[in-house]
Amino acid sequence: MNRFTTLHGTAAPLPLDNVDTDMIIRVEPLFSGVPREQLGAHALAALRYRPDGSADPDFVLNRPEYADATILVTGSNFGCGSSREGAVWALAGLGIRAVVAPGFGEIFFNNCFENGLLPIRLAANIVRRLQRQLAEGLHGRRLGIDLERCELTAPDGEVLSFAVPRLKREALLEGLDSIAVTQKRDARIAAYQDRERQRRPWLFLVSKP
Amino acid sequence: MPATLFDKLWTRHVIESLDDGFALLHVDRHYITDAGGQHLAALHRRGLRLRNPELCFASPDHAIGTAPGRIGTTEHGLRYLADLRREARRHGITLFDVDDERQGIVHVMGPEQGLTLPGSLVVCADSHTCTNGAYGALAFGIGASQFLHVAATQTIVLQKPRTMRVWLDGRRATGVTAKDVMLYVIGHLGTAAGNGYAVEYAGPAIRDMTMEERMTLCNLAVEMGARCGLISPDDATFEDLRPRPYAPKGDDWHRAVADWRALPTDPGARFDVELTIEISEVAPQITWGTSPQHVVGIGQAIPVDVGGGRNTVEAAQAYMGLRPGQSLEGLPIDYVFIGSCTNSRLSDLRAAAAVARGRRVAPDVTAWVVPGSRAVSRAAEAEGLDRIFRDAGFEWREPGCSMCLAANGETVPAGKRAVSTSNRNFVGRQGPGARTHLASPAMAAAAAVTGRITDVRQLSILP
C-alpha cells in the first residue's frame, strides 16, 4: 500500500453531490485494457470534456489556478455506485491524493485507503466553507493535511480536525500490506474454519451436486 | 439479549476483533465475474495462492456479448473470458462457462445454484452483491484490492456498520412490484441514507414477497448507500433453497434449517435507526433523472429545481432532455432493456411477457430481453415466454449483464431514451449520452409496446 503522511497542495472545489463512480470513470476504459496508470486521462470525463472531446475550460480542474490540484473538495456521497476500484486509480492518475467531502460511497471509501488516497469526511457546512475559500482564492487555494495529527489546515489558516478509522490511518502512515498483515493470522483463520466445519459443514459445501 | 439478524451474522463470522470496531471476518462464498480473471492474474503475479478455491465460483457476465450465439463479443470481452478460463484452471475454481447450463449474472447464479445460504457471508467485486442478502446472508460488494485479500486469506477486514431497519407497512396495490417499492424507498430516503448501515427490510410487505422479489429489494440496497441489504429468512427461504443443487442434503439439510431458524431478528432487538414506510399508496415508479433517487410515481410531475446552489435537479433534467414540472407519461422512447441482476429472473420475464403477449413493439423502438442466467432462459423457453417476446418483436438474447452497464459494448446510443429494468440511471451508464428511465419489467414492457412511457395499469393484461 502507498504511504500517506502529510500533504500540502492545491485543492479544487467541486461542489456537486452524488458524483457517482461512473462519472469518475466510465466503463469503457476499464473494460478495454487501458493500463491502470493511464486511467487519469479518462477521469471525470463527463465533467472535464465537452461532447466533441475538447476540454471544457469552465470545469474546475481545467482552470489554470487548479492545474496542479492534488486535493478535491466535493459534495456528499462522493463515489456512490459501483465497486470499480478504477475510480480511485483514475483520480490518482489525475494526481489527486486526497478527497474531502461530507460523505462517500462505502466501497469507494475503502478502495481509497487501499491505494494511498485519503478520503476525509467533514461536516457539510465546513466543506462548503472550504469550497468558498478555495473558489475565492483570497488566502490562496491550498490545503494542508497532516494524517499523523488528523488535522486539515484551511486556506485562511484555520485548523480543522478530522476522524479516520485508526486501523486505516496506521495502514496509510506505515504503508502496510494488508494481505501480509492478515496472513500472519492464518493459524486463527484455520482454527475458525476447523470449528465451523464441525458446526456448520454445509457452509463448506460438503454436499455437492 | 435480543439480537438482530445482522448482529448474529456478524458474530458468527468474526475470526478476530480488531481495533476501532473492525473485525477480521470469514468469507464463505466468493463470486467472481469475468473482470475477476485480471485480479486472479494479479494474485498469481504477486506470488500468492488462492487460499480456498472450493469456496470460489466464477461465471462470465459483464464483458460477454449477449447476441444469440455470443456473436459480436468484443475483442476485449473475449480476452476477459480467456483470462477468466486460464485463471480458473490455474487456481482450481469452479467456472460456469458460457456453454454451461449454470452460467449467469453472478447474483442470479449464486442463489439459483443454492450457493447463497442463510447465515453465509458472500462477497464479490461487484456492488450488487447485496442482492444475496435476500436469503439472510451477509453479502456485500468489494473492490479489486479487497478481492486479492479475500482470495489470499478467505477473510475480509470490515468496520462493523450500524444497523437500520426499514419497516414496510401496508400492502402493495395491484400492478406495484418490489422494484416500485424500492425505488419509492430510495426516492423517499435518498441515495446516501444507508451510508454506514446494514439495512434490514422487514414488515408484512416483505413476508408476502417471493424470494425473487426480495432479491430485487436487496439488490437496490446499495442504491440507497447501504453496505448491505438483509431479510430475515423464513419458510419461503427454506422452500426455495431445498431443491437447489448446492443446498445441503440429507441430515445436513435438517441441521442447516434448524440453524437458520435461529437467524431472524429477535422480537425486541434494537436497531440504531428504525424507519417505517407506508407502501399501500405507492404507484408504479419511473425515474426522471441521473440518480436512482430522482424518481416519481407514474403520472406525477417531475420536480422543479428549488435551487440550493448545486443545480443537480436542473442538470439532471437538462441531461435527460426534460422540462421542470412535466409529466413523463406519454414521453416517446427509443429503447427498452429488460434484464440485469435487479430484474432478469423468471417472474420478471413473466410479468413483462404478460404485457407483451398479443402486442407488438412500437415502430422505431428497440426492445431487448436479456435473461439473468441460462437456467432462467431455459425455464422461460419451456413456458414459451421467448415466443411471446419474439412474436411481439423483442430480441431474445443470451444471459449476461449487457446494457445495464454497457461493459460489453452493448449500449443505448447518445441522446436516445431508454426504459430499463436495471439499477442505475447515472449519466452515460447505458452508453455515453444515453438517457435511462428505471422501472419495473411490466412498466418497461408497456413502454416497448406503446413506444411511450405508459402506466402499465392502463393496459389490459390477460391472466
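The values are calculated or read from the model by the stated rules, or taken from the named source; none is laboratory data. Quick caveat, the model's predicted, so the values are computed rather than measured. Cβ atoms come from the backbone with ideal geometry, glycine included; neighbour counts cover every protein chain shown.
Restricting the stretch A:90-107 to residues that are among the hydrophobic types (A, V, I, L, M, F, W, C) and at the interface with chain B (Cβ under 8 Å from one of its Cβ atoms) leaves a set whose member that is surrounded by the most Cβ atoms within 10 Å (Cβ to Cβ) is A:I107. The set of residues in the stretch B:117-135 that are polar (S, T, N, Q), facing another protein chain (nearest Cβ under 8 Å) and touching a Ser or Thr at 6+ places or on another chain (Cβ under 7 Å) contains only B:S127.
Within the stretch B:417-448, the set of residues being within 14 Å of another protein chain (Cβ to nearest Cβ) and not polar (S, T, N, Q) comprises B:R424, B:F426, B:V427, B:G428, B:R429, B:G431, B:P432, B:G433, B:A434, B:R435, B:L438. Are any residues in the stretch B:366-384 touching a residue at least 24 places away in the same chain (Cβ under 8 Å), outside any loop (DSSP other than H, G, I, E, B) and more than 14 Å from chain A (Cβ to nearest Cβ), and if so, which ones? Listed by number, the residues that qualify are B:T366, B:A367, B:W368, B:V369, B:S373, B:R374, B:V376, B:R378, B:A379, B:A380. Residues that are in a loop (DSSP other than H, G, I, E, B) and among the β-branched types (V, I, T) do occur in the stretch B:280-293. For the stretch A:53-89, a tally of residues being crowded, with 19+ Cβ neighbours inside 10 Å and more than 20 Å from A:Q131 (Cα to Cα) returns 10. Of all residues in the stretch B:233-252, those satisfying the criterion of being more than 8 Å from every other protein chain (Cβ to nearest Cβ), of a type in the set (D, E) and either over 25 Å from B:A198 (Cβ atoms) or in a loop (DSSP other than H, G, I, E, B) (or both) are B:D234, B:E239, B:D251. Among strands (runs of 3 or more DSSP E) entirely within the stretch B:1-75, having at least 2 residues that are of a type outside the set (F, W, Y) and surrounded by 19 or more Cβ atoms within 10 Å (Cβ to Cβ) singles out B:22-26, B:29-32, B:56-58. Residues of the stretch B:148-166 include at least one that is at pLDDT 95 or above, over 26 Å from B:G203 (Cα atoms), more than 8 Å from chain A (Cβ to nearest Cβ) and part of a strand (DSSP E or B). Could you grab me the full set of residues in the stretch B:392-416 that are more than 14 Å from every other protein chain (Cβ to nearest Cβ) and in a loop (DSSP other than H, G, I, E, B)? Within the stretch B:392-416, B:G393, B:F394, B:R397, B:E398, B:P399, B:K416 qualify. Of all residues in the stretch A:150-192, those satisfying the criterion of being over 30 Å from A:L138 (Cβ atoms) and of a type in the set (D, E) are A:E170, A:E174, A:D177, A:D186. Does B:E112 satisfy the condition of being facing another protein chain (nearest Cβ under 9 Å) and acidic (D, E)? It is false that B:E112 is facing another protein chain (nearest Cβ under 9 Å) and acidic (D, E).
Which is more than 16 Å from the chain's Cα centre (by Cα), surrounded by 24 or more Cβ atoms within 10 Å (Cβ to Cβ) and among the hydroxyl-bearing types (S, T, Y), of B:T131, B:T153? None of the other options fit; the residue is B:T153.
Scan the stretch B:196-232 for residues that are over 19 Å from B:V273 (Cα atoms), of a type outside the set (A, V, I, L, M, F, W, C), in a loop (DSSP other than H, G, I, E, B) and touching a helix residue (DSSP H, G or I) at 6+ places or on another chain (Cβ under 7 Å) and the total you get is 1. Scan the stretch A:2-49 for residues that are at positive phi and touching a residue at least 12 places away in the same chain (Cβ under 8 Å) and the total you get is 2. Looking across the stretch B:174-205, the residues that are touching an Asp or Glu at 6+ places or on another chain (Cβ under 9 Å), away from chain A (no Cβ under 14 Å), within 20 Å of B:P441 (Cβ to Cβ) and not polar (S, T, N, Q) come down to B:G175, B:A178, B:K179, B:V181, B:M182, B:L183, B:A205. All of (1) at negative phi; (2) among the small types (G, A, S); (3) out of contact with any His (no Cβ under 9 Å at 6 or more places or on another chain) hold for A:G175 with one exception: (1).
Of B:F389, B:F426, all but one fail to be aromatic (F, W, Y) and touching a residue at least 60 places away in the same chain (Cβ under 8 Å); the exception is B:F426. Scanning the stretch A:122-155 for residues that are surrounded by 18 or more Cβ atoms within 10 Å (Cβ to Cβ), farther than 15 Å from A:L14 by Cα and either of a type outside the set (A, V, I, L, M, F, W, C) or in contact with a His (Cβ under 7 Å, 6 or more places away or on another chain) (or both) gives a single hit, A:P155. Of note, B:R387 satisfies the criterion of being modelled with pLDDT of 95 or more, more than 13 Å from chain A (Cβ to nearest Cβ), farther than 29 Å from B:Q317 by Cα and outside any loop (DSSP other than H, G, I, E, B). Of the residues in the stretch A:78-86, at least one is assigned to a helix (DSSP H, G or I), at pLDDT 95 or above and at the interface with chain B (Cβ under 9 Å from one of its Cβ atoms). Among the criteria (1) away from chain A (no Cβ under 13 Å); (2) surrounded by fewer than 24 Cβ atoms within 10 Å (Cβ to Cβ); (3) touching a strand residue (DSSP E or B) at 6+ places or on another chain (Cβ under 9 Å), the one B:R171 does not fulfil is (3). Residue pairs whose Cβ atoms lie under 7 Å apart, separated by 6 or more positions or on different chains, with the first residue in the stretch B:401-415 and under 17 Å from B:R70 (Cβ atoms) and the second part of a loop (DSSP other than H, G, I, E, B) and charged (D, E, K, R), are B:C401/B:D61; B:S402/B:E410; B:M403/B:E410.
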